[in-house]
Amino acid sequence: WAVRGPVSRLRVVAAAATLCLLMSLSGMSVLLSRDALPGDALYTFKRSAESAELGLTFGDHPKALKHLEFASARVSEIEMMTEHIDAAGNWSAGQEKFVRVLDDFDADTTAGARLLTALAAPGQTTMLSGLRGWAEQQETRLQAVQTALPLPATARLDSTLGLLDRVIARTSALDRRTDCTTVTSGTRDDLGLLPARDTCTPI
């Protein structure tokens, strides 16, 4: 289409400038929100940006890795939140914010594990060992901050550590069958496919 007249040209230039400004502000907000914690003004924007990023990720393997990336970010938030516990054990972040972060961690961890276990196939161990290594790393990070948390928070953290133990156990069990003709049983739970229980027939 043609732009006619100086007024129309000015409108097009103004619209383009506005669009560039909005894109710049959006990009700046993403950068500023990376270290945002629950309760911060930019935290909602940070989580919305993650949801949008996940929506633009295609394929089960890339989506699984994105879920694990976001779960790792929740652990980083917990580590930063524990820095605000005073000598008396009072926690400025608040119990409900800590629980919210752990709930989000559990959701992304479960989603990532479910997608990766579905990709388990005879002779393919890389994804399973990668998931197990990731779970072990996050477990170590969370155990390191556990003693710094108020008592009610440690009880909730135990549930998350239990989830990571289940992920480690599941990947180990599947990994032991990767040289068998059947790796999974075909049945599922919240972490995805369960390992086969029949006698292993080597590939």
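The values are calculated or read from the model by the stated rules, or taken from the named source; none is laboratory data. Quantities reported herein were computed from a predicted structural model and do not represent experimental measurements. Neighbour counts run over all protein chains shown; Cβ positions are idealised from the backbone, glycine included. The area values use the complete protein model at the heavy-atom level, side chains included, leaving out ligands, DNA and RNA. Shrake-Rupley method; radii C 1.70, N 1.55, O 1.52, S 1.80 Å.
Each row is one residue, and each column tells you yes or no for (1) open to solvent by less than 50 Å² (accessible area, probe 1.4 Å); (2) at pLDDT 85 or above; (3) touching a Lys or Arg at 6+ places or on another chain (Cβ under 6 Å); (4) at negative phi.
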position: G130; (1), (2), (3), (4): yes, yes, no, yes
position: Q137; (1), (2), (3), (4): no, yes, no, yes
position: L142; (1), (2), (3), (4): yes, yes, no, yes
position: L149; (1), (2), (3), (4): yes, no, no, yes
position: A155; (1), (2), (3), (4): no, yes, no, yes
position: G162; (1), (2), (3), (4): yes, yes, no, yes
position: D165; (1), (2), (3), (4): no, yes, no, yes
position: A169; (1), (2), (3), (4): no, yes, no, yes
position: S172; (1), (2), (3), (4): yes, yes, no, yes
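Where the second residue is charged (D, E, K, R) and at pLDDT 90 or above and the first is closer than 18 Å to A111 by Cα and open to solvent by 80 Å² or more (accessible area, probe 1.4 Å) and lies in the range 174-203, which pairs have Cβ atoms under 9 Å and are six or more apart or on separate chains?
Qualifying pairs under 9 Å: R188/R114.
When the residues of the range 123-166 are narrowed to those that are among the charged types (D, E, K, R) and without any contact (Cβ under 8 Å) to a residue 60 or more places away in the chain, which ends up nearest to H84 (Cα to Cα)?
Per the criteria, the residue is R156.
Across the range 45-64, what is the total count of residues that are more than 18 Å from T117 (Cβ to Cβ) and either open to solvent by 60 Å² or more (accessible area, probe 1.4 Å) or not hydroxyl-bearing (S, T, Y) (or both)?
Here the count works out to 13.
Select from the range 19-69 the residues that are modelled with pLDDT of 85 or more and of a type in the set (S, T, N, Q) and write down the one among them that is nearest to the chain's Cα centre (by Cα).
Of everything passing the filter in the range 19-69, S51 is nearest to the chain's Cα centre (by Cα).
Step by step: first the residues of the range 79-97, then only those that are within 16 Å of A144 (Cβ to Cβ) and of a type in the set (D, E), then the one that is modelled with the highest pLDDT. Which residue is that?
It comes out as E79.
Residue under question is A120, and the condition is that it be within 30 Å of M80 (Cβ to Cβ) and either of a type in the set (G, A, S) or at pLDDT below 90 (or both); does it hold?
Judged against the criteria, A120 is not a match.
I'd like to know if the range 70-78 contains one or more residues that are β-branched (V, I, T) and either open to solvent by 50 Å² or more (accessible area, probe 1.4 Å) or modelled with pLDDT of 85 or more (or both).
Checking the range 70-78: at least one residue is β-branched (V, I, T) and either open to solvent by 50 Å² or more (accessible area, probe 1.4 Å) or modelled with pLDDT of 85 or more (or both).
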